[in-house]
1. Restricting to the range 172-206, count the residues that are within 25 Å of residue 109 (Cα to Cα) and open to solvent by 30 Å² or more (accessible area, probe 1.4 Å).
2. Just to be sure, is residue 107 crowded, with 18+ Cβ neighbours inside 10 Å, touching a Gly at 6+ places or on another chain (Cβ under 8 Å) and at pLDDT 85 or above?
3. Please find, among 122, 142, the residue that is assigned to a loop (DSSP other than H, G, I, E, B), farther than 24 Å from residue 210 by Cα and at pLDDT 75 or above.
4. So the check is Cβ under 6 Å with 6+ separation or different chains; which pairs have a first residue in the range 30-50 that's within 13 Å of residue 78 (Cα to Cα) and open to solvent by 20 Å² or more (accessible area, probe 1.4 Å) and a second one that's polar (S, T, N, Q) and in a helix (DSSP H, G or I)?
5. Could you tell me whether any residue of the range 185-205 is charged (D, E, K, R) and at pLDDT 80 or above?
6. Contact list please: Cβ distance under 6 Å, first residue in the range 163-177 and within 14 Å of residue 215 (Cα to Cα) and in contact (Cβ under 8 Å) with a residue 12 or more places away in the chain, second residue open to solvent by less than 20 Å² (accessible area, probe 1.4 Å) and not aliphatic (A, V, I, L, M), pairs at least six apart or on different chains.
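The values are calculated or read from the model by the stated rules, or taken from the named source; none is laboratory data. Just so you know, these numbers come straight off a predicted model, no measurement behind them. A quick note on method: Cβ atoms are made from the backbone with ideal geometry, for glycine too, and the neighbour counts reach across all protein chains shown. Accessible surface areas use protein heavy atoms only, side chains included; no ligands, DNA or RNA. Shrake-Rupley method; radii C 1.70, N 1.55, O 1.52, S 1.80 Å.
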Amino acid sequence: MNLHELFIKPYESYETYQIILEATATLFGLLSVYFSIKKNIWVYPTGIISTALYVYILFKFGLLGDMMINFYYTVMSVYGWVLWAKSSEDHVHVEVSAATRKEWAVSAGLFLISLILVTVVYYYKPFIDNQFSAENADFGLYHLDWANWLDIFTTAIFLVGMWLMAKRKIENWIFWIIGDIICIPMMLYKGLGITSVQYLVFTVMAVIGYLEWKKPRKLMP
């Protein structure tokens, strides 16, 4: 499979507005990660635009787990925006800290709940695909391909990452790095070449973000 088949051919069948929406969501997603690295509160307004667009895009492409996580991102971005605003002396930048044992326990719980919830959603996917009608809908997980299973897993990873970011915890970057790497082939498989490149860039930026947040500084208790 060559680069044309991976990145160009899938878009030949897309409507122009779909390509514009994906490109716009990608641009604001990159801006959001950049602002996150800088510990700048603009991570949230730019992120809200990106995630809101991806809710629609991912629903159209059948990635229900990632669709749900982007809806969650949108809601959590409002929550994180409020937290960061309260914790910022200049209303723009914030201090960060390491996750506590209690926060790791909450993260584990969120991860498990997400796995269960998204698996249940995929179980009822035929109902959703059938215009929310149970008639002739064959429930089960038989219809899932490897990308769908990865979607379930990455949804849990990103959910924890978003929660830790809202709490300004350094370890949030570890979850972003793992999830971003997994999403690169998954998005290519689904025909979202622009988004796969976005996740490649996200991976590099997440590594930079982790190193930046790890620099010695006065940590908040």
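1. The number of residues fulfilling the criteria is 7.
2. Values: crowded, with 18+ Cβ neighbours inside 10 Å: yes; touching a Gly at 6+ places or on another chain (Cβ under 8 Å): no; at pLDDT 85 or above: yes.
No.
3. Only one candidate passes the filter, namely 142.
4. From residues that are within 13 Å of residue 78 (Cα to Cα) and open to solvent by 20 Å² or more (accessible area, probe 1.4 Å), the pairs are 48/74; 48/77.
5. Pass one, the range 185-205, residues charged (D, E, K, R): 190.
With the extra rule that they be at pLDDT 80 or above, the set shrinks to none.
No, the range 185-205 has no match at all.
6. Partner pairs satisfying both residue conditions: 170/213; 173/209.
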